[in-house]
Amino acid sequence: MKKVLAFDIGGTNSRLALINEHFEIEQIEILPTIRNSVKDFLDNIDTLIAKFDLSDVIAFGVGVPGVVNHETGYIYDLPNVHIKDIPFGEYMLKKYGKKSFIRNDAEVACLAEACHGNGKGLEKVFFITISTGLGGALVIDEVNQDYVTEIGHTAFKYKNKISEYEYLASGTGIVNLAKINGLTIKNAHEFFDLVTKNEPLALNVYNEWINILTSFISMVQNSYEPDVICVTGGVMKAKDIFFNDLLAKNSNSNIVECHFKEEAGLIGAATYAFKMI
C-alpha cells in the first residue's frame, strides 16, 4: 500500500505521521520544534524521520507555519520558529531521495477538512487555527487558494494602536492582550483557568478576546463567503469555556470544530502529497 510521511511543523511541536492511501494514521511521532537555527531545525526533523520505516513511503507531505514556495519546497520564513531561508525540499530530496510537497500549515489543514472532513461536499471551506499563531486558509472545490496564507497578520486597530489579529487573538496573543489590559499570565491555559474562576480582570480580557476573534471571523465571512468555517488549534482545548460564546457572536457564519481536530494538519499534508503525486 502506498504511504506518505506527513509533517505538521508547528511553533511549539513538530509532528510526523505515516499515513496510507486510505488516510489512516499508522504511526505518529512528536518532538518539540527546534527554534533559532536552520541546522538544528533540520537535525530535529532528521531525528523524527529516523523513527519511521520509509520503504513504502512515496513522498513527504509537509505543512509549515509560514511562507513557502510550494513549487520548489523552499521555506522563506517561519516567524514563530524564528528561522528563514530553509531549502527544505532540496534538503529532503538530496538526503532521502523523495519529493516534498509543501504548503502553509493552515492550507493543508483546510484541504483535509474540505476533502474528508466537515467541509466535504461544500464549495467554499475556510479553516482557522488558533494556536501558537493565528492562521487561516481557503479551499474552493477541493483546491487550495493561495491568497489568504498569512491572514492572521492582517492589521487590526486596538486601543488606538495598529497591531495584528495574531498578536492579540492567538494562543500567545492572549498573553499579549492580557498584558495590555493589566493582567499578567504565563499562557492561555492559565488565562482560561482564571476565566472559569470568574476573576474580574480575566473576564474583561476574555470579552475583549471574543470581540477581536469576532472581528476576525467577520472579515473572513465578508471577504470569502465560505459555506463553512472549520476551527481548530491548541486553544480549542478550552472550547467548553469559549466556543458557545463565539458561535453566539457569529450567528451569520457557519462555524464548526474541525472533524480532524489537531490531526487536520497531518491528514491535510498527506492529502496534498497524494493529490500532487
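The values are calculated or read from the model by the stated rules, or taken from the named source; none is laboratory data. These numbers come from a predicted model, not from an experiment. Note that each Cβ is placed from the backbone with ideal geometry, even for glycine, and that neighbours are counted across all protein chains shown. SASA here: full protein model, heavy atoms, side chains in, ligands and nucleic acids out. Shrake-Rupley method; radii C 1.70, N 1.55, O 1.52, S 1.80 Å.
Could you state the number of Å between the C-alpha centres of the stretch 192-237 and the stretch 7-60?
Distance between centres, Cα-based: 30 Å.
Among the listed pairs 124/161; 51/261; 3/239; 120/237; 3/51; 3/94, which have their C-alpha atoms separated by more than 26 angstrom in this model?
Where the Cα-Cα span goes over 26 Å, the pairs concerned are 124/161; 3/239.
Which Rg and Dmax, in Å, describe the Cα atoms of the stretch 126-258?
14.4, 45
Taking the Cα centre of the chain as the origin and placing charges on Cβ (Lys, Arg +1; Asp, Glu -1), which of 140, 158, 260 is farthest toward the positive end of the dipole?
Most positive-ward Cα: 158.
Counting only helical runs of four or more DSSP H residues, what would the 222 nm mean residue ellipticity of the chain come to if each run contributes -39,500 (n - 2.57) and the total is spread over all its residues?
The helix contribution divided over the chain gives -12000 deg cm²/dmol.
Just to make sure I understand: if all protein chains stay in place, what is the order of 237, 3, 39, 95 by accessible area at 1.4 Å, largest first?
Heavy-atom accessible area, descending, gives 237, 39, 95, 3.
Hey, any idea what % of the chain's accessible area is carbon plus sulfur with a 1.4 Å probe?
48 percent
Could you state the accessible area per residue of the chain in Å², with a 1.4 Å probe and every protein chain left in place?
I get 45 Å² per residue for the chain.
How big is the dipole moment of the stretch 222-277 about its Cα centre under a simple scheme where the beta carbon of each Lys and Arg is +1, that of each Asp and Glu is -1, and everything else is neutral? Debye, nearest 20, please.
That gives a dipole near 100 debye.
Restricting attention to the stretch 112-150, which chymotrypsin sites (Phe, Trp or Tyr not before Pro) occupy a DSSP loop and are surrounded by at most 15 other Cβ atoms within 10 Å?
Those that pass, being in a loop and sparsely packed, are 147.
Helix 38-49: angle to the longest alpha-carbon principal axis of the chain, degrees 0 to 90, nearest 10?
In the chain, helix 38-49 runs at an angle near 70 degrees to the longest axis.
Sort the chain into rounded, prolate or oblate with this rule: let a ≥ b ≥ c be the square roots of the eigenvalues of the Cα gyration tensor; rounded if a/c is under 1.5, and if a/c is not under 1.5, prolate when a/b is larger than b/c, oblate otherwise.
Prolate is the answer for the chain, as a/c is 1.5 or above and a/b outweighs b/c.
Give, rounded to the nearest 20 debye, the magnitude of the charge dipole that the chain has about its Cα centre when Lys and Arg contribute +1 at Cβ and Asp and Glu contribute -1 at Cβ.
Roughly 520 debye, rounded to the nearest 20.
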